[in-house]
Amino acid sequence: MADDAAAQMYQAFVSEDPAGAIAVVEKAKASGTAQADLFDQLFAPAMSLLGGAWASGAIDEYAFTQAAVVAEQIASFVTPPASAQDTGVTVIVGGMHRDYHAIAKNVIGATLKEAGHRVVDLGVDVRPAEFLERVEESGARIVIVCAETIGTASSVVRVREMLTTAGHEGVVLLVSGGPFAADVDLAKDVGANGVVRGAESALRLVERVAAERLANGAD
Amino acid sequence: MAERSQHLALAEGLARQGHIQPAVDACYQALRIDERSAPTHGLLAELMLTGDFYDEAIDSATRAIEIDPSCSPAYLALGLAYDRRGGMWDQSILVWHELAEVEPELVTAHVQLGEAFSAAAFDEEAIDAWRRALELDPTEARAMYNLAVAALKREGMATALPGFRKAGELDPSQDELFFSLAGIYDDGNPAPDPADVPEDRQHRLEAAGALAFEEDYFASAELIRAVLDDDPEDAEALGLAGYLYLKQEATNEAMACALRALSITTRTPTAVYVLGVAFSKRPGLNRHAARVFAALAKAVPKHPIPHVLFAESLLGLQKYTQAGQAYRTALELDPSCVRARFGLAAVLLTDGRYAEAMWEIRRAAYYDTSRQGLFWQLYDAYIERRS
């Protein structure tokens, strides 16, 4: 069946029939082939047949190129999505008030976004009240505050105080930056729930927090 | 005067052969006779830099420039010494500016200027400098790597990764990998005229490889066609055909050839390479590319580039720690692999380890300028101008 479908797709390529190629894809999906498997089970074998046809001289250079154009046209139907699916987890990311270091925040924010999380990037030099406002506005339960100097790192405690005062004790506050990496006690002192040590660490922590919340039946 | 020239010539000869200590001694001999010899101070600076004596390199290069402000090799040594010593970004920026003025067409001066700006957190100016370098030479890989790192800092890995891959394609190391997989080496002889190639598989394939090496893709393709007309199941010919398509940005045709080759035999490393590169060009196929490059790295474990290609695919999968390990493997195999240095810098940046990332970029600069023989190019041109 898979070989058949690949042969049909190859035929659609050389006939310069993108609609026919899409119909083959739809048929394969209807017969139970998962989207993630379409490339390996359908597209790649069809491309192999195309390469073989060109090598044997069954199709000439022009037909090969035209078939490759059709393959390009339908590639998006068979390749796995480039970005991850929406996880539904909202994360607020920002640099602490009076801290203008943006790299860690940018990299962490972009990594979480690529992983499918909904990232609200507040930029740098963010006042504690703004973190609170965005938590209330977005319903986010995870906040990552970046601070790269001792002074700004220490002042992250104001974010925790503000969240607590407003009744958001359950919001998970994660911190990132050199001072926290060097002194974990500082993170505890400012009321943080964890220290993010780079992009991969942010992914792990956010996924763990999201999984725990799900297990506890939280939103 | 003659004696001075003899000592300097001796120092030059020794330095070119990598005999650092005797070359330093010869420089000091030359300076005892003529302390105001700018090329001798410039050469001494380069030697000190090679030995990681940054302060001494700075002193010698500065002296050379004091004596002759047009001594361009001394600017290069001075700029590199400032960069590698660290913490002297303001001076470094000035030096690279000066070198760009003395040698306006010197692309590396603009690349280095950008790196100095970046280290001093002048990000916009840095990007301008790298763009200027690419205007002068669109194939300047290091400028592209730096722009990719800048994109990473601002917008994350998804935006930066295509830049790293594009830079990798500009970097000659990737083509070198393909030709080494195909067993094609530069023997110094020109590729044969296709009309003179004996009509058997081996000669045709070798000639096709040699022509591809010289970037004569059409002549190479004709020979491959002849091989495939005799045997359409020649996997090596299909691998080479895939490479030719890749070089002409025809990714799907390349993929088709590679997949066909691998359906005939999986023991075709050139086809594995072509398939991996074709996958890596398509968004959403990072997992496929990682699988293919992992196989390639396993097949040729002593070559650094398969590890680099594997690492780049891992970056696309957000597996930064594993990517870092693959980059480190590549650097163990070849510490001068500029692509691996920049990749590792990117991984370190994702981990918040900025100082280490900057160090890797500085090492990349050192190896890249050494690889190009830039000091000697500037030095020889300077000596010629003086004479």
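Things worth noting here:
- Qualifying residue in the stretch B:316-323 (condition: part of a helix (DSSP H, G or I) and closer than 30 Å to A:Ala46 by Cβ): yes
- In the stretch A:71-84, the residues that are out of contact with any Leu (no Cβ under 6 Å at 6 or more places or on another chain) and more than 8 Å from chain B (Cβ to nearest Cβ): A:Gln73, A:Ile74, A:Ser76, A:Phe77, A:Ala84
- Filtering the stretch B:361-382 to residues that are more than 18 Å from B:Leu49 (Cβ to Cβ) and not assigned by TED's automatic domain parsing to the domain that holds B:His110 leaves nothing.
- The set of residues in the stretch B:283-301 being surrounded by fewer than 20 Cβ atoms within 10 Å (Cβ to Cβ) and in contact with a Leu (Cβ under 6 Å, 6 or more places away or on another chain) is empty.
- Qualifying position, being within 12 Å of chain B (Cβ to nearest Cβ) and of a type in the set (A, V, I, L, M, F, W, C), among A:Ala5, A:Ala68: A:Ala68
- Lone qualifier among A:Ser155, A:Ser138 - being within 22 Å of A:Leu214 (Cα to Cα) and polar (S, T, N, Q): A:Ser138
- Test: B:Arg362 is closer than 20 Å to B:Met144 by Cβ, free of Cβ contacts under 8 Å to residues at least 60 places away in the same chain, assigned to a helix (DSSP H, G or I) and in contact with an Asp or Glu (Cβ under 7 Å, 6 or more places away or on another chain): no
- Of all the residues in the stretch B:238-256, those that are within 13 Å of A:Ala71 (Cβ to Cβ) and within 7 Å of chain A (Cβ to nearest Cβ) number 5.
- Residue in the stretch A:59-78 that is assigned to a loop (DSSP other than H, G, I, E, B), at pLDDT 95 or above and touching a helix residue (DSSP H, G or I) at 6+ places or on another chain (Cβ under 9 Å) present: yes
- Verdict on A:Asp40 being assigned to a helix (DSSP H, G or I) and surrounded by fewer than 20 Cβ atoms within 10 Å (Cβ to Cβ): yes
- Answer residue from the stretch A:174-193, given it is under 25 Å from the mean Cα position of the chain (by Cα) and surrounded by 22 or more Cβ atoms within 10 Å (Cβ to Cβ) and is farthest from the other protein chains (Cβ to nearest Cβ) among those: A:Ala192
- Scanning the stretch A:48-65 for residues that are surrounded by 14 or more Cβ atoms within 10 Å (Cβ to Cβ) and more than 10 Å from every other protein chain (Cβ to nearest Cβ) turns up A:Ile59, A:Ala63.
- Filtering the stretch B:77-133 to residues that are surrounded by fewer than 24 Cβ atoms within 10 Å (Cβ to Cβ) and among the hydroxyl-bearing types (Ser, Thr, Tyr) leaves only B:Ser118.
- The single condition from (1) in a loop (DSSP other than H, G, I, E, B); (2) away from chain A (no Cβ under 14 Å) that B:Asp368 fails is (1).
- Tally of residues being of a type in the set (A, V, I, L, M, F, W, C), in contact (Cβ under 8 Å) with a residue 24 or more places away in the chain and under 25 Å from A:Glu61 (Cα atoms) across the stretch A:1-26: 9
- Unique residue being assigned to a helix (DSSP H, G or I) and over 19 Å from A:Thr87 (Cα atoms) when the list is A:Glu161, A:Glu207, A:Glu169: A:Glu161
- A single member of B:Arg267, B:Arg282, B:Arg260 is in a helix (DSSP H, G or I) and of a type in the set (Lys, Arg), and it is B:Arg260.
- Filter result (free of Cβ contacts under 8 Å to residues at least 40 places away in the same chain and of a type outside the set (S, T, N, Q)) within the stretch A:193-206: A:Gly194, A:Val195, A:Arg197, A:Arg204, A:Leu205
- Of residues in the stretch B:365-385 being farther than 16 Å from B:Ala81 by Cβ and among the hydrophobic types (A, V, I, L, M, F, W, C), the one surrounded by the most Cβ atoms within 10 Å (Cβ to Cβ): B:Trp376
- Only residues that are more than 30 Å from the chain's Cα centre (by Cα) and assigned to a loop (DSSP other than H, G, I, E, B) were counted in the stretch B:5-41, giving 4.
- Whether a residue is among the charged types (D, E, K, R) and within 11 Å of chain A (Cβ to nearest Cβ) was assessed, and B:Asp229 passes this test.
- Residue count, the stretch B:260-271 (criterion: buried (at least 24 other Cβ atoms within 10 Å of the Cβ) and away from chain A (no Cβ under 13 Å)): 1
- Test: residue in the stretch B:181-197 that is surrounded by fewer than 19 Cβ atoms within 10 Å (Cβ to Cβ), modelled with pLDDT of 90 or more and either in contact with a Ser or Thr (Cβ under 8 Å, 6 or more places away or on another chain) or of a type in the set (S, T, N, Q) (or both): no
- Qualifying positions in the stretch B:139-162 - more than 14 Å from every other protein chain (Cβ to nearest Cβ) and either without any contact (Cβ under 8 Å) to a residue 24 or more places away in the chain or of a type in the set (Phe, Trp, Tyr) (or both): B:Tyr145, B:Leu147
- Any hit, the stretch B:136-144, residues being at pLDDT below 90 and acidic (Asp, Glu): no
- Cross-chain or 6+ apart pairs with Cβ under 6 Å, the stretch B:299-319 first and within 17 Å of B:Thr268 (Cβ to Cβ), then part of a loop (DSSP other than H, G, I, E, B) and not aromatic (Phe, Trp, Tyr): B:Pro306/B:Val300
The values are calculated or read from the model by the stated rules, or taken from the named source; none is laboratory data. Owing to the predicted nature of the structure, the values given are computational and were not obtained by experimental measurement. Backbone-built Cβ (ideal geometry, glycine too); neighbour counts: all protein chains shown.
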